[in-house]
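The values are calculated or read from the model by the stated rules, or taken from the named source; none is laboratory data. Remember, it's a predicted structure, so these values are computed and weren't measured experimentally. When we count neighbours, we look across all protein chains shown, and the Cβ atoms used for this are built from the backbone with ideal geometry, even at glycine.
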């Protein structure tokens, strides 16, 4: 039986997702990682996001994102990078056993390869966040039911030069817009959690 929104965090669905993701390699060299953070909040499954500090350098300041960053020489693999970045940005330590696997890699506009690491942080009320104010302005959640509702989803078309380039998903909730590579990683994750939402093959690194 395929999962729905309410049971996507069940042990059965977790095992199904882990089996799908187990073929993905962890050791990716000098990649960046993001921690795609599932959690349980307000009676149902949700995703945890950060609002990047407006004082950061670069074009992504003030954007909605998952915790993440570039690999450090001390990181064993992309999973270690994602967990370290979550600890530095959010002030919480996520046990490695909470990680379900590594999803399809993404490539940003400067050709950096980014590994989305999927983890279930558990009940939100059990986590004591201490966000780094130099990197994070806000921590918030959006429910899976909200994000999987077609009315809260759209698309953004990007141009390359003076021609059409590519289309990326965008998720809206009134206050914050989830777009760019964060939206792509989120889209792939929802397709993994709820297969009828889209083609499950898209979560694989073909």
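Within region 96-124, how many residues turn out to be free of Cβ contacts under 8 Å to residues at least 24 places away in the same chain and within 19 Å of residue 41 (Cα to Cα)?
Here the count works out to 1.
Determine whether residue 6 is loosely packed, with under 14 Cβ neighbours inside 10 Å and modelled with pLDDT under 90.
Spelling it out, residue 6 is indeed loosely packed, with under 14 Cβ neighbours inside 10 Å and modelled with pLDDT under 90.
Against the conditions (1) surrounded by fewer than 19 Cβ atoms within 10 Å (Cβ to Cβ); (2) under 27 Å from residue 135 (Cβ atoms); (3) modelled with pLDDT of 90 or more, where does residue 16 fall short? Just the number, please.
So the condition that residue 16 fails would be (2).
Against the conditions (1) out of contact with any helix residue (DSSP H, G or I) (no Cβ under 8 Å at 6 or more places or on another chain); (2) over 21 Å from residue 32 (Cα atoms), where does residue 141 fall short? Just the number, please.
It is condition (1) that residue 141 fails.
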